[in-house]
Amino acid sequence: MAADDMFYRLFFLLEKRKLCYHFSMSDGAKHNVDYLIIGGGIAGTTAAETIRNKDDSGTIAIVSKEPHVLYSRVLLPKYVEGALSRAQVFLRTVEDYNKRNISLYLEEEATVLDLKRNEVRTRRGTLFFYKQLLIAAGGHAKPWRVEGSETVPITRFQTINDADALYSKLSEKHKQEVVLVGGGFIALELINALVPRGVSMIHCLISEKRYWQDYMDTEGSVLLETHLERKGVIFHHNELATRVRQDEKGTITVFTGRNTSYAADVLAVGVGLDREVETFRDIGMEVNRGIITNEFLETTTEHIWAAGDVAENYHPVFEQHLLTGNWNNAFLQGRIVGLNMAASHMKTGHRHAFTYVPLYAIDVLGMHIAFLGDVSGAIQHTNRTYISRFQEGAWYERFGMEDGKLVSAVFINKFKDKRVIELLIKEQRDCVSYIPYLSDPSVTLADYIT
Ligand SMILES: Cc1cc2nc3c(=O)[nH]c(=O)nc-3n(C[C@H](O)[C@H](O)[C@H](O)COP(=O)(O)OP(=O)(O)OC[C@H]3O[C@@H](n4cnc5c(N)ncnc54)[C@H](O)[C@@H]3O)c2cc1C
């Protein structure tokens, strides 16, 4: 373990002891607060800080299931890789919350919300009475169950605890072999962490016939897969894991529906995110895959708001509800919802609509990828048509259109036109006349469209 990591662990233990006092005081206690925030991730923390900037006397409390102050999930692959120390992943200290007079209740999971009494109860029995409530509870790794999975160690990659476990596992011995199940964003984040740590082989099992087949056409998938194959990742398409087993030496074997098997030292699974909505379902507010909000991020219950990954917010640009899972979106929603909660509580100012165009940017071992707009899969949008252009082996772009207007874009390794495309999506400009440009790889849109 690096010296600064050891230092940090020590620091963190001390930090936790300080907070323990806070825990015991809060156990079974009752708190009346003006603003209660469920979830201490980027959306919840940004909201709390924005509220404090607007309202210097209102009481603010954050309850967070995790035992940590705010950290960056985006930086977790860099930590596992060894490029960043554990301490560098943390974005706040306990002092930061104290200075802003924000009460932080760690390891407190909200389990009951009573809309009539404006009351939240935690698993430990603490009661909070709120005037404004924000649900910024994010999501958790989608459960993955196949025969034998309950008895085999499985690496997930959602929290810093998951990252700690993976970091330690990879430190045990060199040249490990990994089986990676899943073909989405988290699988790429795992690849980002695993390859630089020098694992000897990664078998990536995906149930589709190519990577991201819902988001890109063949040229895009081939560009991505070829890049990763050069880094040592082996893709196995149309492979569905059906059974896992671990032998007495620790080797894990994954069996698939096609009677193939893959042996590995580490089994990692990245099959998507389920939103933390179950506590809030069937209690009177509208909940779909996420918590339904209007464009101001207010839920169907007055004075209760939702932001970040958990929110399924009405987006005026797309004229529909969007479920978005990215850091930038969570941060910006935290800011907007904080402004709106303070305005609602203080009965001042006007409410702000959330109109930012979603952007997910990821760097996969030197390949730059961005998803802009409503990129939800083609299956969900039968009325959507796609135009793509590319230079083989170099870059790829795909644009989604509905009723002659741009709604989504995927960029790989080329971003010259990102700003123009963002503008066209945001303004919902009629783009039919631009179709020849959008499909011509030699055209830079900025030369023609302003
Ligand atoms: C490994 C990894 C890499 C990523 N990389 C990128 C990237 O490169 N670019 C990008 O844009 N996005 C990336 N993301 C996604 C991004 O991190 C998320 O979109 C963002 O963190 C969402 O923030 P949030 O505040 O909405 O939710 P979260 O960060 O999930 O925070 C919610 C918090 O609420 C807590 N909570 C849940 N339920 C309760 C409850 N009942 N009571 C109390 N607390 C509760 C949770 O434990 C959690 O701490 C990555 C995610 C992961 C896991």
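Tabulated data
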{"item": "Ranking of R124, R275 by count of other Cβ atoms within 10 Å, fewest first", "result": "R124, R275"}
{"item": "Rounded D (µm²/s) - region 149-271, Kirkwood Rh over Cα pairs, Stokes-Einstein at 37 °C, 0.692 mPa s", "result": "224 µm²/s"}
{"item": "Violating pairs (Cα-Cα greater than 27 angstrom) within the set K78/K169; K78/K209; K142/K249; K142/K414; K65/K209", "result": "K78/K209; K142/K249; K142/K414; K65/K209"}
{"item": "Within straight-line cross-link reach of K418, aspartates and glutamates at Cα separation under 20 Å, skipping those fewer than 8 residues along the same chain", "result": "D217, E219, D363, D374, E392, E397, E402, E427, D430, D440, D447"}
{"item": "Selected from E295, E81, E150 as most flexible by GNM, with the chain as the system and alpha-carbon contacts under 10 Å", "result": "E150"}
{"item": "From phi via Karplus (6.51, -1.76, 1.60), per-residue ³J(HN,Hα) for region 213-219 in Hz, x at Gly/Pro", "result": "5, 6, 10, 9, 8, 3, 4"}
{"item": "Table column - 3J(HN,Hα) (Hz), region 104-111, Karplus curve with 6.51, -1.76, 1.60, x for Gly and Pro", "result": "10, 10, 8, 6, 10, 9, 5, 10"}
{"item": "The chain: most fluctuating residue of L365, L223, L91 per GNM, C-alpha cutoff 10 Å", "result": "L91"}
{"item": "Potential lengthening between I435 and K54 on full extension [0.36 nm per residue; Cα-Cα distance subtracted]", "result": "132.6 nm"}
{"item": "Whole-angstrom gap from region 31-62 to region 124-169, using each part's C-alpha centre", "result": "23 Å"}
{"item": "Relative contact order (%) - region 144-245, alpha-carbon pairs under 8 angstrom, separation at least six", "result": "34 percent"}
{"item": "Distribution of pairwise C-alpha distances over the chain, 10 Å bins, in %", "result": "4, 19, 27, 26, 18, 5, 0"}
{"item": "Local electrostatic count at N288 - Lys and Arg +1, Asp and Glu -1, tallied over other residues with Cβ under 15 Å", "result": "-4"}
{"item": "Measure of compaction for region 377-447 (Cα Rg per 2.2 N^0.38 Å)", "result": "1.05"}
{"item": "Candidates R100, R117, R384, ranked by Gaussian network fluctuation over the chain, Cα under 10 Å, top entry", "result": "R117"}
{"item": "Amide H within-cut-off set for K65, under 5 Å, with H built and near neighbours excluded", "result": "G39, G40, E108"}
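A short reminder: the numbers here are calculations on the coordinates, not readings from a lab. Just so it is clear, the structure is predicted and the values come from calculations on it, not from any experiment. Here Cβ is always computed from backbone atoms with ideal geometry, including for glycine, and neighbour counts include all displayed protein chains.
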